Structures are given as structure tokens and as C-alpha cells.
1. Being within 14 Å of the chain's Cα centre (by Cα) and outside any helix (DSSP H, G or I) narrows it down to one of A:Gly47, A:Gly53, so name that one.
2. In the stretch A:90-143, which residues are free of Cβ contacts under 8 Å to residues at least 60 places away in the same chain and among the hydroxyl-bearing types (Ser, Thr, Tyr)?
3. Does B:Val144 qualify as being assigned to a helix (DSSP H, G or I) and without any contact (Cβ under 8 Å) to a residue 12 or more places away in the chain?
4. Do you know which of the residues in the stretch B:122-141 that are in contact (Cβ under 8 Å) with a residue 24 or more places away in the chain and among the β-branched types (Val, Ile, Thr) is nearest to the other protein chains (Cβ to nearest Cβ)?
5. Does A:Leu86 satisfy the condition of being at pLDDT 90 or above, out of contact with any helix residue (DSSP H, G or I) (no Cβ under 8 Å at 6 or more places or on another chain) and at the interface with another protein chain (Cβ under 10 Å from one of its Cβ atoms)?
6. Scan the stretch B:125-135 and tell me whether some residue there is part of a loop (DSSP other than H, G, I, E, B) and either of a type in the set (A, V, I, L, M) or farther than 15 Å from B:Ala195 by Cα (or both).
7. Kindly establish whether B:Thr164 is touching a strand residue (DSSP E or B) at 6+ places or on another chain (Cβ under 7 Å) and either part of a loop (DSSP other than H, G, I, E, B) or within 14 Å of chain A (Cβ to nearest Cβ) (or both).
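The values are calculated or read from the model by the stated rules, or taken from the named source; none is laboratory data. Since the structure is predicted, the reported quantities are computational estimates derived from the model, not experimental observations. Cβ placement follows ideal geometry from the backbone for every residue including glycine, while neighbour counts extend to all protein chains displayed.
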Amino acid sequence: MGRALHFQKKGISVTPVVETQNLGKAFGATVALEGVNLELPSNQIIGLVGPNGAGKTTLFSILSGFLKPGFGSVRVLGHSPLSPQLQGRVSILPQDAPLRKGVCIRKQFEFFAKLQGLSPETASEEAEKVLEEVDLLEKSFEGPDSLSHGMRKRASLAQSFIGNPELILLDEPTAGLDPVTTQKVRELVLRKAEGRTIIISSHNLAELQEACDSVAILNLGKLVDFRPVSEIIGRSKTMIIRLEGPPEEQLTKAVSELPEVVSVTCGDQGNPRIIIRVDGSIDDSEVDLAILGVFKEQKVRYREIRRGESLEEKVVQITKQEPGDEKTGMDSSSELAN
Amino acid sequence: MDKSLSQIKTVFLNELAFTPRKIAVSVTFVFFCLLWGFAFKGLIELDEFIKTDNSEKSGLFLGFLTWVLDIDPTQWVEFQKNGVFFISFGILSLLTTHYFVIIMTSDQTASEIGNRYFRYLITRCGRTEIFLGRLLTSLTIGLVAITLTGITAWGVDCFLNQATSIDSVLFVISTCFWVFWFCLPFVCLCSMISAWSGSVATSMLCSMSLAFLLPKVFNVIELRWKKVEGIKELREFFPGNFTHSVLLDHASISNLLVPLVYASLFVWVGLSIFKRREFP
């Protein structure tokens, strides 16, 4: 049985755009989703992460009405996923779904817009607008087969913006894109997020960390965490110092004895670092200076200092844990409690 | 309701515009035209033979007709001397057109269930509207193919007789209608199987097999209970068992209703499948 994980923006009543209760789905003997209880708030960018086979695409497919829930219930914008009330209000960038070959993308977009109820003139304007947003206006009269992989991806992304949908589901929007295009896509998503909810499923966790307000983590079909990104990575409570070699016991002991420090965790041989969890109520700069003072005293050189763990690290940690230990996991190596 | 109709119209027009790009439709249409090219050549020779009672060239075609249609062409001479060309055209149409129409319309939804294109449509449009829009497109493709053969037949008749008459035009219209009516349940069958299978190959094979086998079901029944009185009347209740009687103004109400009932049944089942199916 999954736990109900949800949160609300401080002081603001938030109506969930997606609400699932004990949602599950199995394909034969393979369980893709199990006991997912989720309430996603509106007007946010939400990341959906997890290893391959975690159930991300299955969850998207259920929310979009491609798949039926095996058990449990799901409401999208207050309706069943197949409700006519949702037509045009929810859109998706599907993973690995091709646009029609041989038909220019502009015509296809006009068709999509007309299906959403736009008049032929407005549909044409809308198609032009979304193509311009992804820098494909010059290619608008070409078929998807004559576009590069990146362009096709951008075209698929563009179609999800047609007609101002309230909820946009983006399944791997930056997969296979070069860094420049990835950045453009991120900027576009941030622009489009105003006044709507965007859920992004991706393995590019650095991008998600930058773009998302909150992240839901799936593992083996179960929802294991759903919190604001800042909370997950512990920005105000964690300091990571990457070292040139494995930390000596003397250093970790000295750091852990500082009054501001709650605990110290050491990285392994291949990843020499110490993760210092600090008292979040104390001023950041004071803590930083105190810790760096210890480093100076011990004459230890470091490569990088970072506030908060990376989302990638946290997701790896969380998904490595046994079910039931989701929120208590630490690095696999030794931990020194203060 | 307005939105629903508008979506059906949008899907229908879009599909119609895309149809020439569908290889199965284009290639089949070429073969369809080639077959009718040969058929009209043969029918012209048949016409010459009947008019002159002497044409060596027509022997092969007559033999073919005798074997395929199970009708002695000399009988037509007796009761329809001036209409043999049209009757032959009508019977050939009834016998062959539905196979071509099945190939052209068997992929109504299957390939795009398989390649996931529907993922772009399902969040925007109702499944019923997608299904019906595509069915309408398929029916239109069939109607266009049939109408083209009808127009050609009328043109050939004009060429043969150096004249035309209102009877000829009415006969062509009536023939095209009956051929279309004959094809109707098969197009709907294709839509049902296409929605069920999600694979072009399966859809085409199943539709062709059923189109071939369904009319034969009656043959088995007739063979098994041949001594039962009135067994032959049951023939009309099996799709694909039209006879050339409809072309000789002997059409009955069941000729009109039976295809419609089967078409409605296939559409209802197909629509139920399409509305309930998953798009993995």
C-alpha cells in the first residue's frame, strides 16, 4: 500500500491537477505501477523521475487515457482521463510516437488545433506560433521524415503547446538533444509553465533540478517520494565537499564535532567527498566558514564545495533503498553522527 | 454534439487528404484500375461477339465468365441482348470490387495503433469521432472507386453504341449503388478488425478471410440441409450473398436491410472495441 504524498504551497489552497488513489497497472505478470497515491498541485513544473522500468511512461499513459488503470482511481483536472471534458485541456509529448510521414508538420499541427476546436484561421496561426517557439518555422512545410532527430523532437514538443492546455505531460523532452537545444527547451518549458502545470518525465536530472518546483520519484512501480526539489536535495541542510583523495578520519571527526554539524557522511574510494548535514536554522555563511576553518586547520585541499546534494544523487540514493526506508537513506558508506 | 460532428468532419477531411499517400490504397487502386482495364477490354469483345455472334477473340473471356459467374452467357443474350455489357459489368463489380475495397480500407486504425500516432489525437479528440471519421473516409474511398468504374462503364457503353440513354445512366447509378451497398458491411468489418488487431497485416488477412468465408457459410448450410424447404431464401441473410438479381430489378427489401444490419453490427462492435482498447 503506497503512502499518500502531497504538499501544498504555503498559505495557498491548491486544487490538485492529478489525483490518484491506490493506482496500479500490470502487464501480465509484470507490475508497472502499484499503489500510487498522488496529488499533484496546479501551476507547477513537476518532475517525474526514476530508473528505467519505474513506471513513469505507464503513469503518463494512464493520465493521458492511453491505458486504463488496472486498479485504483485517477482524476485529471477533476475528471476521468477519457472524459470529453479533458479534450484539449491536457496534452502530451509522447515518447517514441512519430508524427505522420510525408505530411508537412504545419498541416499536422493545424489538424491537431482544429480537433481542439480552433477555427481554420486560428489553427493556422496557432501552428505557426508553436513552430516559431521551437525555431522550426522555416521547416514548417517539410514532413517529419526530412527533419533531424532533434528537430522531430522539437516538433513533437511544439504540438504539445497547441491551444493552451492546462496540463502538459512531457515524456523525455530532451532525450537525444544537444546541450544548446536542451537549454532552449528548458527555457521554453519555463516560459510555458506560467498559469499551467507541466509534468516532465526525464533521466536528465540536472535539467529537472533546474526547472522543476517539485519531484515525484518512482521506483519499481511505487511512488517513493514527492517533495519540493529544494527539500529533496536539502539545499539549506547539506554541504558537499569534493576532495582530491579519500577523507581522513581525523578530518571527518573534526568536522562532525562542530556544533553546527548534525552528521557527516564519507563518500567511497571512487567518489572522494564528505557530505555534511548541518543545522538548517543557523546562517549558511557561518556554517560555511566554520567548516572551511576545519579544512584550513587540517590543511586539506578540496575540489568543489556545493550547497545541497544533486537531485541525481538523491534519486540514486532513494531508489537504491529497500521499500519502506524511502526517507531515511544515506550514502552507503560510513556515517558519523554528531 | 456540434463539437463531436466537427471533430468527425475534421478527421474525415484530414484522412481523405492523406489517403493518396497510403501505399496500400495507392497500389491497390492501380491494380484495381488495371483489372478493370482488362475487364472492359473483355467486355467490349463480349459485346462485339453478342452483336455479331462471331468473335474468336472473345472465347477466352466467355469461358472465364461462364466459370466465374456460373451463368451461361447465351442466356443473357436471350433476355437482355442490349444490356449484356452492363449486366456483365454489374456482376463483375459485385464479384470483385469488395476484395479491392477491403484491401484499400483494411487499415483504418491498425497501423496507427501500432506506431502510436494516435497518442497525438486521443488527448484532443474523442475515440468515437476518430473511429467514425476514419470509417467515413474508407466508405468514401470505396464509393470513389466504384463510381469511377461506373463512369468508365457508361463511357464505354457510349463508345460502343455511339449514343446514350437515360436508362443507361440509371442502370449505372443503380449498379454503383448496389455494389457500394454490397461493400458496405465489408468496409465496416474492416473497421472492426482494424480496431481489434492493431496490426495492418492481421487486419488485412482477417478481413479478406472473413470476406471470402462469410458468403461460403451459406453454401455449407445449403449443402447440409438441402432438403429443407425454403433453405435458399436464407441466402440473402448472409453478407456477400447478393446475386445478379439486384441488377435485373429483382431487388428485395432484404437486399437493402441485410447489409445495413451487418454494417451496423460491425460498426457497433468495432466502436466498442476502439473505445475500450488500450494504446500501449
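1. Only one candidate passes the filter, namely A:Gly47.
2. Of everything in the stretch A:90-143, those that are free of Cβ contacts under 8 Å to residues at least 60 places away in the same chain and among the hydroxyl-bearing types (Ser, Thr, Tyr) turn out to be A:Ser119, A:Thr122, A:Ser124, A:Ser140.
3. Here the answer is yes, as B:Val144 does meet what is asked.
4. Within the stretch B:122-141, the match that is nearest to the other protein chains (Cβ to nearest Cβ) is B:Ile122.
5. yes
6. yes
7. For B:Thr164, the condition - touching a strand residue (DSSP E or B) at 6+ places or on another chain (Cβ under 7 Å) and either part of a loop (DSSP other than H, G, I, E, B) or within 14 Å of chain A (Cβ to nearest Cβ) (or both) - is not met.
Matching residues to (1) surrounded by fewer than 22 Cβ atoms within 10 Å (Cβ to Cβ); (2) farther than 17 Å from A:Asp225 by Cα; (3) of a type in the set (Gly, Ala, Ser):
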| position | (1), (2), (3) |
| --- | --- |
| A:Val18 | no, no, no |
| A:Gly35 | yes, no, yes |
| A:Asn43 | yes, yes, no |
| A:Phe66 | no, yes, no |
| A:Ser80 | yes, yes, yes |
| A:Leu93 | no, yes, no |
| A:Asp96 | yes, yes, no |
| A:Arg100 | yes, yes, no |
| A:Ile105 | no, yes, no |
